[in-house]
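Enquirer: Dumping the structure here so I can ask a few things about it.
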Amino acid sequence: MTRALGLALPLAALLAGCQTIDEQPAQRLGQATLRLANGQPAGTAQLLASGSQVNISVAVTGMSEGVRGAHLHMVGKCEAPNFETAGGHLNPHGREHGHENPAGAHFGDLPNITVGSSGTGTVSATLRGSREEVLAHVFDSDGTAVVVHAGPDDYRTDPSGNSGGRIACGVLTRM
């Protein structure tokens, strides 16, 4: 225990030095529990305030190794087996899909998650817009789902990045 604490404190100090106080997430704004089609837990998503920005962090578990697309979808509904009830990508500005698409990206386009041999992976991103705008988009009247796909997002093909079927889903709820 003492050795772990001895390693953790310098690591925490080192990591804290990488961000200013204004950049460190100060408040959890929302969360989701991701589930597979069989109902088993598949991870979590958290919305975190960082000054006027909102960051999303997604952590997955129990998945096979590989790269997976991840997106915010426009309806906060996750009915198995294919999670189609989540609708398309959250796209309040009417753009095309993908960070590499000159007419993109959707508001809900997130970076790919790399799942390692342990079956786990994480990704974090800053959502575009002010805190108020982001919260208005995410917590609108029909809610928002976080969806993980079977394959990688190519970051350019409209409307979904050719990321394959939906394998995990969770509805974001306000904290």
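Enquirer: What Kirkwood hydrodynamic radius do you get for region 123-175 when you take the inverse of the mean 1/r over all pairs of distinct Cα atoms, in Å?
Expert: 12.8
Enquirer: Right, here's the next one. At q = 0.17, 0.19, 0.30 Å⁻¹, what log₁₀ I(q)/I(0) does a Debye calculation on the Cα points of region 105-148 give, no solvent, two decimals?
Expert: -0.60, -0.71, -1.18
Enquirer: Right, here's the next one. Can you give the FRET efficiency to the nearest 0.05 for VAL67 and ARG28, using r as the Cβ-Cβ distance and R₀ = 30 Å?
Expert: Calculated value: 0.65.
Enquirer: Given C-alpha coordinates of region 53-175, what is the ratio Rg to Rh with the Kirkwood estimate of Rh?
Expert: 0.94
Enquirer: Would you calculate a helix-derived [θ] at 222 nm for the chain, using -39,500 (n - 2.57) for each DSSP H run of n ≥ 4 and dividing by the full residue count, to the nearest 500?
Expert: Roughly -4000 deg cm²/dmol at 222 nm, from the helical runs in the chain.
Enquirer: Here is a follow-up. In degrees, nearest 10, range 0 to 90: what is the angle between the Cα axis of helix 2-16 and the longest Cα principal axis of the chain?
Expert: Approximately 60 degrees, to the nearest ten.
Enquirer: Which whole-number percent is the relative contact order of region 40-131 (Cα, under 8 Å, 6+ apart)?
Expert: Relative contact order of region 40-131: 35 percent.
We did not get these values from a lab; they are worked out from the coordinates using the rules stated. The shown structure was predicted, so the numbers you read here are calculated from the model rather than taken from an experiment. FYI the Cβ positions are ideal-geometry reconstructions off the backbone, even for glycines, and counts take in every protein chain you see.
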